[in-house]
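The values are calculated or read from the model by the stated rules, or taken from the named source; none is laboratory data. Treat the numbers as computed from the prediction; the structure is a model and nothing was measured. Heads up, the Cβs are rebuilt from the backbone with ideal geometry, glycines too, and the neighbour counts pull from every protein chain shown. For accessibility, only protein heavy atoms count, side chains too; no ligands or nucleic acids. Shrake-Rupley method; radii C 1.70, N 1.55, O 1.52, S 1.80 Å.
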Amino acid sequence: MKKWMIIGTAVSLMFLFGCQNDQKEVQSTKVEEKTKAKEDNSKEKAKSVFTRKDRQIAKEKAEKFIVLLTEFHGRSIYPNDRYKAVYEELTKKAREQKLIHPDTQFINLEYDTTFVESTKEDSKLILRRDRFQLGDEFQEIYYKYLDVHELTLPIKYMAKSDTSSKDVELKSFIRFVKTTDGEIYILDAPMLIGMDLEKKDEDAYYDEYNRKEIEQEVKEELNIQ
């Protein structure tokens, strides 16, 4: 799962950029681009399923997600009973606002060093609003071997460094899916764990015999287009 992490002095950075209008065609995933290149050096394309209104809703949900996280800034998650209470409250609020996909969940906040400030007596969440920055450009990704679409939006966060007085800029993205009833959900984002559609698409490519079965399982489990 692609997540923000600080390990020693190394910071793993991940970012996807791109912009699509409603009328533009959607480029395939990196996996599809690589495998298609092996076949005929061309890129597979598919028409967009995310409308302008869908992008609007996705942006609003991304903003609400950040607001939700920052409500928990400074909250203690140690010992374990406090962590459980924060986790349950976060999950409840996210689901009530229909922000995250029913199949998506929050990571173990206690061990995510990106967002946890440890002291001698306690561990507290560091989720200040002014440290988050959403991008403006969406990218719609089509996974050919799953026949599903995903929408991504860049996000940045200024994290505290364990080794320096300077903050570390972490880049990632929020991933959205559209269910068969037209609902827009966050499938994956910082502090969340959701199905990795790129990995599933790669599995489907290499497992030609079970490709349709993998596609059907993904669509049924996520109820997505």
Taking the options Ile77, Ile155, Ile66, Ile57, name whichever one is touching a Ser or Thr at 6+ places or on another chain (Cβ under 8 Å), closer than 16 Å to Ala189 by Cβ and not acidic (Asp, Glu).
Ile155
Find the residue count for the range 99-116, including only residues that are assigned to a loop (DSSP other than H, G, I, E, B) and surrounded by 15 or more Cβ atoms within 10 Å (Cβ to Cβ).
9
Suppose the filter is closer than 27 Å to Glu213 by Cα and in contact (Cβ under 8 Å) with a residue 24 or more places away in the chain; does Tyr142 pass it?
yes
Where a residue in the range 57-80 is more than 13 Å from Val116 (Cα to Cα) and open to solvent by less than 70 Å² (accessible area, probe 1.4 Å) and its partner, wherever it lies, is assigned to a helix (DSSP H, G or I) and at pLDDT 95 or above, with Cβ under 8 Å and at least six apart:
Phe65/Ala94; Leu68/Leu90; Leu68/Lys93; Leu68/Ala94
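With the structure loaded, tell me whether Glu150 is among the charged types (D, E, K, R), crowded, with 20+ Cβ neighbours inside 10 Å, free of Cβ contacts under 8 Å to residues at least 60 places away in the same chain and in contact with a Lys or Arg (Cβ under 8 Å, 6 or more places away or on another chain) or whether it fails that test. Before the answer, list the steps.
On the way: among the charged types (D, E, K, R): yes; crowded, with 20+ Cβ neighbours inside 10 Å: yes; free of Cβ contacts under 8 Å to residues at least 60 places away in the same chain: yes; in contact with a Lys or Arg (Cβ under 8 Å, 6 or more places away or on another chain): yes.
For Glu150, the condition - among the charged types (D, E, K, R), crowded, with 20+ Cβ neighbours inside 10 Å, free of Cβ contacts under 8 Å to residues at least 60 places away in the same chain and in contact with a Lys or Arg (Cβ under 8 Å, 6 or more places away or on another chain) - is met.
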Leading residue by the ranking (farthest from Lys156 (Cα to Cα)) among those in the range 117-137 that are open to solvent by 30 Å² or more (accessible area, probe 1.4 Å) and in a strand (DSSP E or B):
Ser118
When the range 81-98 is examined, which residues are found to be surrounded by 17 or more Cβ atoms within 10 Å (Cβ to Cβ) and among the hydrophobic types (A, V, I, L, M, F, W, C)?
Val86, Leu90, Ala94
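Considering the range 158-173 alone, what residues qualify as being among the basic types (Lys, Arg) and either touching a Ser or Thr at 6+ places or on another chain (Cβ under 8 Å) or not in a loop (DSSP other than H, G, I, E, B) (or both)? Step through it out loud before you land on a result.
Residues of the range 158-173 among the basic types (Lys, Arg): 160, 166, 171.
Lys171 - this is the single residue of the range 158-173 that is among the basic types (Lys, Arg) and either touching a Ser or Thr at 6+ places or on another chain (Cβ under 8 Å) or not in a loop (DSSP other than H, G, I, E, B) (or both).
Residue check: is Gln216 open to solvent by 20 Å² or more (accessible area, probe 1.4 Å), closer than 26 Å to Ile66 by Cα and not β-branched (Val, Ile, Thr)? Can you show your working first?
Working: open to solvent by 20 Å² or more (accessible area, probe 1.4 Å): yes; closer than 26 Å to Ile66 by Cα: no; not β-branched (Val, Ile, Thr): yes.
No, not satisfied.
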Exactly one of these conditions fails for Glu121: (1) out of contact with any helix residue (DSSP H, G or I) (no Cβ under 9 Å at 6 or more places or on another chain); (2) in contact (Cβ under 8 Å) with a residue 12 or more places away in the chain; (3) farther than 25 Å from Met195 by Cα. Give me its number.
(2)
Output for the range 174-225, where each listed residue is hydroxyl-bearing (Ser, Thr, Tyr), in a helix (DSSP H, G or I) and under 11 Å from the mean Cα position of the chain (by Cα):
none
Do we find a residue being out of contact with any strand residue (DSSP E or B) (no Cβ under 9 Å at 6 or more places or on another chain), open to solvent by 30 Å² or more (accessible area, probe 1.4 Å) and of a type in the set (Phe, Trp, Tyr) anywhere in the range 182-204?
no
So Arg129 passes all but one of these: (1) without any contact (Cβ under 8 Å) to a residue 40 or more places away in the chain; (2) over 19 Å from Asp188 (Cβ atoms). Which condition number does it fail?
(1)
